[in-house]
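Enquirer: Here you go, one structure.
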Amino acid sequence: MNVINTLAKTKMRDHTQTDRLRKTFLAMASDIRVVIIKLAERTVLMRSIKNINQTERKRLAQETMDIYAPLANRLGMGEIKWELEDFAFHYIDPDTYKTIAKFLAERRIDRENTIKRNYSTINRRIKTIQYFSLSLRSSETYYSIYLKQQRKDLPYQNIYDYSAVRILVDTIPDCYQALSIVHNLWEHIPAEFDDYISHPKNNRYRSIHTAVIGPHNKNMEIQIRTRSMHEEAEHGLAAHWIYKEIKKPPPLTTIKLLFYASYWNA
């Protein structure tokens, strides 16, 4: 039986108490920087626990998975959430983590070649939209691949979004124009379409997600959002807080510097 499922059954964790702790943590933070400092502390800790004893390492990993990663998610800090989840997953279930890592490594070259070809195709067609930018989204996190595989009961090769193209534009109408271009290029997969612009997630996350069947029947996920949506998706309330202070959208490097400076100045 999978280690994570075993832990869930054998460890009598009080999930109501855990959720209450997260809410209390947020309520105590009259200044968002307090929460950022705590998340920075935990991120730095998880980066450095490789050499501590296994029991303590697993305890810290489970605590991170139960409290700190959901807290980052609640604040919309996607980049920090993903990093904390992957660190925790690595120590909670190392065998599954290594299986996914091996799967991605074996298909890395094929995946990169496919994504680059599709990137070039989109780049040529989307030039009708002014002020757009494209990026090759980094691989889906190991933990999110594991969750999707469990939820959909699919083999790993059928998980679409371990690589993707992200399209950033200036306005919401441009988002839907870009979506139309993508769907005219390739057949889309209706079950994999989500419009989080019209229906944002509870943590204010906004983006359009679609999956298409590209050349050679290779599936690929495409994310479409405005630049301001992207800043909030990556850094959540940290982006919102900086915007409120300086009255203009901050560059992503500013938010990252704030996050790490918060730790070292704590």
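The values are calculated or read from the model by the stated rules, or taken from the named source; none is laboratory data. Please read these numbers as outputs of a predicted model, since none were measured by experiment. Quick reminder, even Gly has a Cβ in these numbers, built from the backbone with ideal geometry, and neighbours come from all protein chains shown. Accessible surface is based on the protein model in full, side chains and every heavy atom, while ligands, DNA and RNA are left aside. Shrake-Rupley method; radii C 1.70, N 1.55, O 1.52, S 1.80 Å.
Enquirer: If R225 meets every condition in (1) open to solvent by 10 Å² or more (accessible area, probe 1.4 Å); (2) in contact (Cβ under 8 Å) with a residue 40 or more places away in the chain apart from one, which number is that one?
Expert: So the condition that R225 fails would be (1).
Enquirer: Also, quick follow-up: Answer yes or no as to whether Q177 is within 21 Å of I129 (Cα to Cα), part of a helix (DSSP H, G or I) and at pLDDT below 95.
Expert: Judged against the criteria, Q177 is a match.
Enquirer: Pick from I159, I109: which is buried (at least 18 other Cβ atoms within 10 Å of the Cβ), modelled with pLDDT under 85 and on the phi < 0 side of the Ramachandran plot? Walk me through how you get there before you give the answer.
Expert: Working: I109 fails: buried (at least 18 other Cβ atoms within 10 Å of the Cβ).
Result: I159 is the single residue among I159, I109 that is buried (at least 18 other Cβ atoms within 10 Å of the Cβ), modelled with pLDDT under 85 and on the phi < 0 side of the Ramachandran plot.
Enquirer: Go through segment 186-222 residue by residue and tally those that are closer than 16 Å to S120 by Cα and open to solvent by less than 40 Å² (accessible area, probe 1.4 Å).
Expert: Final tally of qualifying residues: 6.
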